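First comes the structure, then the notes that go with it.
The values are calculated or read from the model by the stated rules, or taken from the named source; none is laboratory data. This one's a predicted model, so the numbers in the text were calculated from it and none came from an experiment. A quick note on method: Cβ atoms are made from the backbone with ideal geometry, for glycine too, and the neighbour counts reach across all protein chains shown. Please note that ligands, DNA and RNA were not included when accessible areas were found on the heavy atoms of the full protein model with its side chains. Shrake-Rupley method; radii C 1.70, N 1.55, O 1.52, S 1.80 Å.
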Amino acid sequence: MELAAQRNPVELFKEWLVEAYKTEPSDPDAMSVATADSKGRPSVRMVLLKKVDSDGFFFYTNMESRKGGELAENPFAALCFHWKSQGRQVRVEGRVEKVSAEAYFRTRHFLSQLGAWASKQSRPLESRQELEDRVEEFRKKFEGGDVPCPPHWAGFCVVPEKIEFWQEGKGRLHDRFVYARKGEGWEMTRLNP
Ligand SMILES: Cc1cc2nc3c(=O)[nH]c(=O)nc-3n(C[C@H](O)[C@H](O)[C@H](O)COP(=O)(O)O)c2cc1C
């Protein structure tokens, strides 16, 4: 892999994502999201990338979840994509900005919309039945109309400060290129594998 030094890394990411869609057996848009609490203790989980543009990388979640709490107190995140079929990894780091989930929420399937209302994400649940009862409760409540976006649902945009591309190479001599924001543009550095 030879990457042009002047490439825009967000555009390059989009090209890699398109290629991953062609070859990954499932969820090429899945990424790990690392957050940390105010004491710097990290946690990580998978989420789905729902949009990427010049502003950043967007995902949606329950603001009352663990990640929601950690991002409220420490608004920085790191993302990691791994596309096994392509031998590729992309890492992203940056500040997060909270964004509305309204438009995205309307695109979710009905059951996923009910689930967003029913699930008190990341908090203890007495039984599976309790969750299913809550889904039924909201099904009745919203029957025959649109399901509104729950007030505790929103998105985060990770505004990239660094984007690193990793391409598997023979004999573990992988290629790594990291782009760091510099003024209005980006500065690229090649790294040892
Ligand atoms: C492939 C995959 C995609 C997921 N996508 C999302 C997502 O887009 N949003 C979300 O809130 N949770 C998603 N989850 C669930 C999270 O991994 C996690 O269990 C949940 O958000 C609670 O995390 P927290 O307790 O760290 O906040 C996904 C899980 C997997 C395995």
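Which of the residues belonging to the stretch 82-91 are of a type outside the set (S, T, Y) and either under 20 Å from F142 (Cβ atoms) or open to solvent by 10 Å² or more (accessible area, probe 1.4 Å) (or both)? Spell out the reasoning first.
Filtering the stretch 82-91 for residues of a type outside the set (S, T, Y) gives 82-84, 86-91.
Within the stretch 82-91, H82, K84, Q86, R88, Q89, R91 meet the criteria.
Is one or more of the residues making up the stretch 140-154 surrounded by 15 or more Cβ atoms within 10 Å (Cβ to Cβ) and either touching a Cys at 6+ places or on another chain (Cβ under 8 Å) or part of a strand (DSSP E or B) (or both)?
Scanning the stretch 140-154 turns up at least one residue that is surrounded by 15 or more Cβ atoms within 10 Å (Cβ to Cβ) and either touching a Cys at 6+ places or on another chain (Cβ under 8 Å) or part of a strand (DSSP E or B) (or both).
Restricting to the stretch 150-173, name every residue that is under 17 Å from S65 (Cα atoms) and over 19 Å from the mean Cα position of the chain (by Cα).
P150, P151
Just name the residue that is farthest from T23 (Cα to Cα) out of those in the stretch 72-109 that are among the small types (G, A, S) and out of contact with any Asp or Glu (no Cβ under 7 Å at 6 or more places or on another chain). If you could, list the steps in order and put the result at the bottom.
As a first pass, look at the stretch 72-109 and keep what is among the small types (G, A, S): 72, 77-78, 85, 87, 94, 100-101, 103.
Next, only the ones that are out of contact with any Asp or Glu (no Cβ under 7 Å at 6 or more places or on another chain) stay: 72, 77, 100-101, 103.
Numbers: A72: 36, A77: 27, S100: 32, A101: 29, A103: 29 Å.
Among residues in the stretch 72-109 that are among the small types (G, A, S) and out of contact with any Asp or Glu (no Cβ under 7 Å at 6 or more places or on another chain), the one farthest from T23 (Cα to Cα) is A72.
Let's see how each residue does on (1) open to solvent by less than 30 Å² (accessible area, probe 1.4 Å); (2) within 10 Å of the ligand (Cβ to nearest atom); (3) assigned to a strand (DSSP E or B):
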| site | (1), (2), (3) |
| --- | --- |
| K67 | yes, yes, no |
| C80 | no, no, yes |
| E93 | no, no, yes |
| K98 | no, no, yes |
| F105 | yes, no, no |
| Q113 | yes, no, no |
| R123 | no, yes, no |
| Q129 | no, no, no |
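Would you please list the contacts, defined by Cβ atoms under 6 Å and residues six or more apart or on different chains, that run from a residue in the stretch 52-78 that is over 23 Å from K14 (Cβ atoms) to a residue that is outside any strand (DSSP E or B) and more than 13 Å from the ligand (Cβ to nearest atom)?
From the stretch 52-78, the pairs are E73/S38; N74/S38.
For the subset of the stretch 9-40 comprising residues that are of a type in the set (D, E, K, R) and part of a helix (DSSP H, G or I), which member is surrounded by the most Cβ atoms within 10 Å (Cβ to Cβ)?
Narrowing the stretch 9-40 to residues of a type in the set (D, E, K, R): 11, 14-15, 19, 22, 24, 27, 29, 37, 39.
Among the residues that remain, those that are also part of a helix (DSSP H, G or I) are: 11, 14-15, 19, 22.
Details: E11: 10, K14: 13, E15: 10, E19: 15, K22: 9.
Among residues in the stretch 9-40 that are of a type in the set (D, E, K, R) and part of a helix (DSSP H, G or I), the one surrounded by the most Cβ atoms within 10 Å (Cβ to Cβ) is E19.
What are the residues in the stretch 49-65 that are within 15 Å of the ligand (Cβ to nearest atom) and either crowded, with 20+ Cβ neighbours inside 10 Å or of a type outside the set (S, T, Y) (or both), if any? Can you show your working first?
Within the stretch 49-65, the subset within 15 Å of the ligand (Cβ to nearest atom) is 49-52, 57-65.
Listed by number, the residues that qualify are L49, K50, K51, V52, F57, F58, F59, Y60, T61, N62, M63, E64.
Give me the pairs: first residue in the stretch 8-32 and touching a residue at least 24 places away in the same chain (Cβ under 8 Å), second residue in a helix (DSSP H, G or I) and open to solvent by less than 60 Å² (accessible area, probe 1.4 Å), beta-carbon distance under 8 Å, and six or more apart or on different chains, which are they?
Listed pairs, sorted by first residue: W16/Q86; E19/Q86; A20/Q86; T23/Q86; E24/Q86; P28/L17; P28/A20.
On the given criteria, is S43 within 6 Å of the ligand (Cβ to nearest atom), at pLDDT 95 or above and either within 27 Å of E184 (Cα to Cα) or exposed (fewer than 14 other Cβ atoms within 10 Å of the Cβ) (or both)? If you could, list the steps in order and put the result at the bottom.
On the way: within 6 Å of the ligand (Cβ to nearest atom): yes; at pLDDT 95 or above: yes; either within 27 Å of E184 (Cα to Cα) or exposed (fewer than 14 other Cβ atoms within 10 Å of the Cβ) (or both): yes.
The answer is yes for S43.
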